[in-house]
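Worksheet: the structure to be examined is printed underneath.
The values are calculated or read from the model by the stated rules, or taken from the named source; none is laboratory data. Since the structure is predicted, the reported quantities are computational estimates derived from the model, not experimental observations. Note that each Cβ is placed from the backbone with ideal geometry, even for glycine, and that neighbours are counted across all protein chains shown. The protein model used for the area step is the full one, side chains on, heavy atoms only, and it has no ligands, DNA or RNA in it. Shrake-Rupley method; radii C 1.70, N 1.55, O 1.52, S 1.80 Å.
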Amino acid sequence: MGGGWIDVHHHSYHPPLIAELRRRGVTHMAPGVPLPEWTVEDSLRVMDANDVRAAILSILLPDAALGQGAASLVRQANEWSAELVRDFPGRFGALAVLPMPDVEAALAEIEYALDVLGLDGVVMSASLADGRYLGDPAFAPVFDELDRRGAVVFVHPNPAYRCDCVGGPGFAAKVPPPLVDFVMDTTRAVADLLFGGTLGRCRDIRFVLAHAGGTVPFL
């Protein structure tokens, strides 16, 4: 193909994934945010209208989906992403979602997604449902493996909007969380990776930070 943009922040929610989430009783990405109605045809139409040559697909699973049985759901999600890449060569790449905070399952999924499915890297939520950030020492084996592979890691705010990041009581009710809390979630994740030693140790990971890196460039 000729010129055009490459969109590295392109969420995809394959209809079978949405159906599986609903079967598991998950109906919202976060409070007040229903599961998206997404189709590949809609994505291609928007891409073509805006001179986007290719898009790198990523999935952010809601916290409610990452309990018991998360590893099997993650595996299905990654296989559906790989299917889209195969079906539309040259238009899509894809990043693998990981069953964090289960470190052993995440390591197994890195191997399967990158070596078997041939995906282009991984996407990780900046913060986890239990409140931990990516620099937590328990996650060192995951980042060490990604570093060994020189992998791409796309860091995205938790879709549940960690509204305790900034502001006092009622702040999120007045200010839409994506405007402030989203970018602060990314900022905190980067600071945690830095002060926890992950960034200094894992120098071969190629990090991509959503939303221009939160407030990191200014700080």
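Quick check: anything in the stretch 52-59 over 20 Å from the mean Cα position of the chain (by Cα) and under 23 Å from GLY3 (Cβ atoms)?
yes
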Give me a count of the residues in the stretch 64-97 that are open to solvent by 50 Å² or more (accessible area, probe 1.4 Å), within 19 Å of ARG53 (Cα to Cα), touching a helix residue (DSSP H, G or I) at 6+ places or on another chain (Cβ under 9 Å) and part of a helix (DSSP H, G or I).
1
Can you give me the number of residues within the stretch 50-63 that are at pLDDT below 95, open to solvent by 40 Å² or more (accessible area, probe 1.4 Å) and either among the basic types (Lys, Arg) or part of a loop (DSSP other than H, G, I, E, B) (or both)?
0
When the stretch 189-219 is examined, which residues are found to be farther than 17 Å from PHE143 by Cα and not hydrophobic (A, V, I, L, M, F, W, C)?
HIS211, GLY213, GLY214, THR215, PRO217
